[in-house]
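Chemist: For reference, the structure I am asking about is given below.
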């Protein structure tokens, strides 16, 4: 029972990441009709926003180390600490959550540049060409990051106060041994908030309504005299921000490296396909569902029956869904069906 | 748009064979005439020529072909370990087994088309890759990769001779697979596979595949069951990939799972589109260009760049080095990615399209005369 | 009464709440040109889609040459002898005109699948000659090696007709072969249809242009709201009050 509960939680926070990435991917596909293989790279860029922000905060100056007295020792001290003392230390400690503020404008800018500079010219080209060009772009982005930040994963600490584990077993009346990292709980909550935010934007604002109408029937919306192209740019920017934020907050869970985008890309496509191409609700549902499935598949009891199932479960589900119900769980009838 | 005559085809074959077999000579002044690189040209040539049969003719974009390459490599190394160091059984098994895998995967993935097909192949590639690293470790030897060992059984070889000291090396009936002889073995296989691909391109079967790419709906209402056509193309191209994988292991008896990652399939896609998707020669051109420049770019480092820019004033040279250094050495993949984007944006038909455009520009002055006579038009076509 | 080649029996098809076809009954005589007319949305195209296996009917049966066609794949239906010209031309835009016509010719000769990898296309002289003859009949022989995609809309339609004719189908379905054509092209098409009428091929033709209908049809059926309301020779249909009502007062029905 405890184990199952823990796996469920594990699945939920992984699912949160899948859902956020897939949300952006399906938003772009649904409105722009573009199959974006550079979407994983946006997640990776988000994670590296966090890394760069941390590096910015910790720009240091060599100062004399007072604690060592018998010779002149120097240590690095961040300017923030020199200028603001303890407050500066606290800011550095909270680098990851604070980098959200940094990531939003940066990711928005990246998204706008990508859409204006490249994606826009591919609306009318074939899906194969869209895949190829965005795949090339993804390689460029990941190699750029590699040449700036190196090939090794960069660990990012969560704030001290939430670095431990939450005694959640007690809360739910289970054994005291059931503990769970605070940060993962925060990630789960964060992904819930962002998802709710995106849905609120799309459902409650007129702007969002037009976007949703565009997902249903692009041509008609264009005929109504609405500047669809401009909205597309905004949608792409929004997708970039959502995906980027998923990356920012994921850094304490998975130390970012340059190829994390490619790893998550395939997963997010699988999630979108399972949820139904172009269906926002489907993407979220499938994200959580697959996250949970994956974490249950990695339980030893299950692995002993089906060895290796944890490695392939997600892809297997995708294959089955595509064959049996190609429109996905919540996809509209006729969307992308042959 | 005319179908070349048989005479024409034979002519192309002869030229192609001559160009491939004389590579060690004419690559000399380009500084690329060493066996390792030449072998790579031939092996990736086979891979790309085969991939083009699927992607070029039917338009189905597969990201799973690296998996077949991997299957071919593992099979070949196992054949070296268990049977003999002769590459003949190794590549036969590679081709057969990868063909079998292609048939299974193709049977499932070809039920869908368009991006769904691409994603399905992606999912299968990723499954293979993950399994090779985890449960299948007894077969693939996980991250270390599958290697030869001195005490491998090699039953067929043992019939003829005792195990020697040290690791044995691969051969083709006494012809060593390393050095130039290795290149010539690969080159001959490449020529054979190119010939097969040429036959497919100019057969009724090939034109039907093109028709599927052009309008699959019409094909169905024209009385064709398109699925077996697609599956045949998929299996043939999978076998080509397996053959390439087998030869990779034959020239360097080591098989690792990284060869199977889906991004590795991306490289063969790039080679194919760089040269020209759906053209016969295009993929070979793409392979040549990419492997040649990979060789040059990977070897460059900052020092070499400084030397290259030595004629410039220092400040300019420094700037140029700073700009170009991410693209060379370790950064070769960055160049590759950028090239990929540029090609798809500006020249989706690849180099062959570029050549055709130039040709057209020059021949504009003399337009093809229009003939109303049926016989005149048909005569060159039938090749009588 | 001569042989019945196609029999549509009690076919029903609805899309959601919309009844596209209800209790559709139709018999097509062998060797005749049978025109189907009717107002927009009457279910004419849906009927053809059911005939070629593009749509599965909710109930009812389609019998062709004594064989049940329901549940067969489109390619099987074509192999049985039904070819169709679509309303928007379905051709192979990336192939040459000659290849466009050779492909259906191969389908007729070789069946639904044949793996002739090592035959050279340039040795298939019989198929080529056949294709050339059809293209000559249709008047496109001058552009044998141009890309089909670069043809005008009217020429694309004629090419598609050639692609169907080369198969010598037992039954040819034509979906508005002159829609959107200029007068001149329409007349060309009428001449063509008259010419192939002499071959004795059975044809179902859907058409809005009454000039075309009355110049080629042997028999006319009127389809309105998913069912046949009148059927007869052109002269009978001309004087039928029900037909006039369907066309003129159809909105009040």
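The values are calculated or read from the model by the stated rules, or taken from the named source; none is laboratory data. Predicted, not measured: the structure shown is a model, and the values here were computed from it. Ideal geometry is used to build each Cβ from the backbone, glycine not excepted, and the neighbour counts take in all protein chains shown.
Chemist: Exactly one condition in (1) touching a residue at least 60 places away in the same chain (Cβ under 8 Å); (2) surrounded by 12 or more Cβ atoms within 10 Å (Cβ to Cβ); (3) away from chain B (no Cβ under 14 Å) is not met by residue A:79; state its number.
Modeler: (1)
Chemist: Test residue B:278 against the stated conditions and say whether it is within 18 Å of the chain's Cα centre (by Cα) and assigned to a helix (DSSP H, G or I).
Modeler: In short, no.
Chemist: Taking the stretch A:110-140 on its own, how many of its residues are assigned to a helix (DSSP H, G or I), touching a residue at least 12 places away in the same chain (Cβ under 8 Å) and more than 13 Å from every other protein chain (Cβ to nearest Cβ)?
Modeler: 5
Chemist: Is it the case that the stretch C:173-196 has a residue that's part of a strand (DSSP E or B), at pLDDT 85 or above, more than 12 Å from chain B (Cβ to nearest Cβ) and closer than 22 Å to residue C:54 by Cα?
Modeler: yes
Chemist: Among the residues of the stretch C:32-49, what is the count of those that are out of contact with any strand residue (DSSP E or B) (no Cβ under 6 Å at 6 or more places or on another chain) and either more than 16 Å from residue C:227 (Cβ to Cβ) or outside the structural domain of residue C:179 (by TED's automatic domain parsing) (or both)?
Modeler: Counting residues in the stretch C:32-49 that are out of contact with any strand residue (DSSP E or B) (no Cβ under 6 Å at 6 or more places or on another chain) and either more than 16 Å from residue C:227 (Cβ to Cβ) or outside the structural domain of residue C:179 (by TED's automatic domain parsing) (or both) gives 1.
Chemist: Right, something else. Which helices (runs of 4 or more DSSP H) does the stretch B:94-184 wholly contain that include 3 or more residues that are modelled with pLDDT of 85 or more and within 14 Å of another protein chain (Cβ to nearest Cβ)?
Modeler: The qualifying helices (runs of 4 or more DSSP H) are B:114-133, B:137-140.
Chemist: May I pose another question? Among (1) within 7 Å of chain B (Cβ to nearest Cβ); (2) within 17 Å of the chain's Cα centre (by Cα); (3) surrounded by fewer than 23 Cβ atoms within 10 Å (Cβ to Cβ), which single condition is residue C:87 missing?
Modeler: Unmet condition: (1).
Chemist: Test residue A:258 against the criterion of being assigned to a loop (DSSP other than H, G, I, E, B) and at negative phi, and give yes or no.
Modeler: Spelling it out, residue A:258 is indeed assigned to a loop (DSSP other than H, G, I, E, B) and at negative phi.
Chemist: Right, here's the next one. Mind checking whether some residue in the stretch C:16-26 is in contact with a helix residue (DSSP H, G or I) (Cβ under 6 Å, 6 or more places away or on another chain) and crowded, with 22+ Cβ neighbours inside 10 Å?
Modeler: Yes, because at least one residue in the stretch C:16-26 is in contact with a helix residue (DSSP H, G or I) (Cβ under 6 Å, 6 or more places away or on another chain) and crowded, with 22+ Cβ neighbours inside 10 Å.
Chemist: Here's something else I'd like to know. Mind listing whichever residues of the stretch B:214-236 are within 7 Å of chain C (Cβ to nearest Cβ), in a helix (DSSP H, G or I) and either in contact (Cβ under 8 Å) with a residue 12 or more places away in the chain or touching a helix residue (DSSP H, G or I) at 6+ places or on another chain (Cβ under 7 Å) (or both)?
Modeler: If the condition is that a residue be within 7 Å of chain C (Cβ to nearest Cβ), in a helix (DSSP H, G or I) and either in contact (Cβ under 8 Å) with a residue 12 or more places away in the chain or touching a helix residue (DSSP H, G or I) at 6+ places or on another chain (Cβ under 7 Å) (or both), then B:220, B:221, B:229, B:232 are the ones that fit.
Chemist: Considering each residue of the stretch B:327-349, count those that are within 20 Å of residue A:123 (Cα to Cα), more than 9 Å from chain A (Cβ to nearest Cβ) and either without any contact (Cβ under 8 Å) to a residue 60 or more places away in the chain or in a helix (DSSP H, G or I) (or both), and give that number.
Modeler: 2
Chemist: Going by the conditions given, is residue B:205 within 30 Å of residue C:78 (Cα to Cα), out of contact with any strand residue (DSSP E or B) (no Cβ under 8 Å at 6 or more places or on another chain) and touching a residue at least 40 places away in the same chain (Cβ under 8 Å)?
Modeler: Considered against the rule, which asks whether it is within 30 Å of residue C:78 (Cα to Cα), out of contact with any strand residue (DSSP E or B) (no Cβ under 8 Å at 6 or more places or on another chain) and touching a residue at least 40 places away in the same chain (Cβ under 8 Å), residue B:205 comes out as no.
Chemist: Applying the selection to the stretch A:30-67, what residues are in contact (Cβ under 8 Å) with a residue 60 or more places away in the chain and outside any helix (DSSP H, G or I)?
Modeler: A:33, A:34, A:35, A:36, A:37, A:38
Chemist: Condition first: modelled with pLDDT of 85 or more and more than 9 Å from every other protein chain (Cβ to nearest Cβ). Now tell me which residues in the stretch A:299-324 satisfy that.
Modeler: Listed by number, the residues that qualify are A:313, A:317, A:320, A:321, A:324.
Chemist: Every residue in the stretch B:135-166 that is buried (at least 17 other Cβ atoms within 10 Å of the Cβ), touching a residue at least 40 places away in the same chain (Cβ under 8 Å) and out of contact with any strand residue (DSSP E or B) (no Cβ under 9 Å at 6 or more places or on another chain), please.
Modeler: Those that are buried (at least 17 other Cβ atoms within 10 Å of the Cβ), touching a residue at least 40 places away in the same chain (Cβ under 8 Å) and out of contact with any strand residue (DSSP E or B) (no Cβ under 9 Å at 6 or more places or on another chain): B:152, B:154.
One line per residue, one yes/no per condition, for (1) outside the structural domain of residue C:146 (by TED's automatic domain parsing); (2) surrounded by 24 or more Cβ atoms within 10 Å (Cβ to Cβ); (3) closer than 16 Å to residue B:225 by Cα:
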| residue | (1), (2), (3) |
| --- | --- |
| C:72 | yes, no, yes |
| C:93 | no, no, no |
| C:97 | no, yes, no |
| C:103 | no, yes, yes |
| C:106 | no, yes, yes |
| C:109 | no, no, yes |
